[in-house]
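The block underneath contains the structure these notes are about, expressed in structure tokens.
The values are calculated or read from the model by the stated rules, or taken from the named source; none is laboratory data. This one's a predicted model, so the numbers in the text were calculated from it and none came from an experiment. All Cβ positions, even for glycine, are placed from backbone atoms using ideal geometry, and neighbour counts span all protein chains on display. Accessible surface areas use protein heavy atoms only, side chains included; no ligands, DNA or RNA. Shrake-Rupley method; radii C 1.70, N 1.55, O 1.52, S 1.80 Å.
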Amino acid sequence: MYVILLGPPGVGKGTQGVLLADAMGWQRVVTGDLLRAALDAGTPLGHQAQPFMNAGELVPDPLIVEMVKEKLTALSTGTNILFDGFPRTEAQASAFSMMLQALGFAIDHVVVLEASDEVLIERVAGRRFCPSCGAVYSTVLDPSQTEGVCDNDGSRLVHRTDDTAATVQNRLEVYRRETEPLIAYYEYGRPTVHRVQGEQGVEEVQSEVRQVLGLGV
Ligand code: AP5
């Protein structure tokens, strides 16, 4: 099954994606993580992407499409894949469907997680992340055992550089302008679009996501 997880910054795409992929043995393609890895590794892609990410703007479509193409080629296609944070523009969506068509696949489901701006801003402000192992914490929902220290490896937790109040505001505006229209785009296509209320607790959201995907709860 090929599934797209769509939704604004901080709505819980990463949180839900990890739970689902771990439970089902699915692969995840997370463009934000791929870009952050390129940035950490100091690759040309990372250098090109950095100013856009820091400003809360979208990285140009050709860079993203090429990056996803490479990732898909490296994965064993035919397995179940969860796409998180991609596509984010109509140009990416149409390049993506051509990419999949060439491989003989198609998107089966689009899951849209929704929450109010107020909740999203609060969640992003409380997000902490381990630069060594990538674990994500919430100072409100899921704090580490020792404040500011990763439970897994003792590294100092950090705030993502694009999680500042001003950048988050811009990311929300970019989402509404560039990415939200994809919901209507997909509603006219083959995949089934499901809207899930993301303001519920993590387990409730996960159970609804599984239900709409026909995976049982
Ligand atoms: P990306 O990393 O994809 O960021 P995003 O879409 O803004 O999403 P986030 O990672 O902020 O949030 P999330 O929905 O995963 O929430 P999470 O589960 O962490 O992209 C970053 C940047 O890269 C973009 O701005 C852009 O520049 C670039 N980029 C990426 N993809 C691109 C593309 N395709 N095209 C162009 N540019 C691209 O949860 C957030 C917090 O809330 C956590 O602390 C979590 O613990 C907590 N939480 C989660 N669920 C709940 C819950 N149910 N209740 C309470 N708290 C919760």
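Panel note: the C-alpha atoms of the chain, placed on their principal axes, show extents of 48, 42, 33 Å (largest first). Take the chain with all the other protein chains still there, run a 1.4 Å probe, and you get 50 Å² of accessible area per residue. Extending 7 Å from Cα along the Cβ direction at GLU203 and again at ASP22 yields two label points whose distance is 1.4 nm. Computed with every protein chain present, the accessible area of VAL174 is close to 10 Å² [probe 1.4 Å]. Across LEU58, LEU103, LEU20, mean-square fluctuation computed from a Gaussian network of the chain (C-alpha pairs under 10 Å connected) peaks at LEU103.
In the chain, Cα pairs under 8 Å separated by at least six residues give a relative contact order of 29 percent. Counting pairwise Cα distances across segment 31-82, what percent come out greater than 16 angstrom? Result for the distance tail: 41 percent. In the chain, helical runs assigned H by DSSP with n ≥ 4 each contribute -39500 (n - 2.57); averaged across all residues and rounded to the nearest 500, the mean residue ellipticity at 222 nm is -14000 deg cm²/dmol. Subtracting the Cα-Cα distance of ALA165 and ALA106 from 0.36 nm times their residue separation leaves 17.5 nm of extension gain.
Exposure check, 1.4 Å probe, all protein chains in place: MET53 carries approximately 30 Å² of accessible surface. In the elastic network of the chain, a GNM with C-alpha springs shorter than 10 Å, the most mobile of THR167, THR79, THR146 is THR146.
For SER94 and VAL149, a Förster radius of 45 Å and the Cβ-Cβ distance give a FRET efficiency of 0.50, rounded to the nearest 0.05.
Just checking the listed ones, THR192, THR161, THR89: in the Gaussian network model of the chain with Cα springs under 10 Å, the one fluctuating most is THR161. Distance between the modelled labels on TYR188 and ALA41, one decimal in nanometres: 3.8 nm (7 Å Cα→Cβ projection).
Determine the gain in length on full extension of the stretch SER116-GLN211; use 0.36 nm per residue of separation and subtract their C-alpha separation, reporting nm with one decimal.
31.9 nm
This model, with +1 at the C-beta of Lys and Arg and -1 at the C-beta of Asp and Glu, gives the chain a dipole about its Cα centre of some 400 debye. Annotation: the antiparallel percentage among DSSP beta bridges lying fully within segment 104-204 is about 50. Projecting the Cα positions of VAL29, PRO51, PRO62 onto the charge dipole of segment 1-102 (unit charges on Cβ atoms of Lys, Arg, Asp and Glu, taken about the Cα centre) puts VAL29 furthest along the positive direction.
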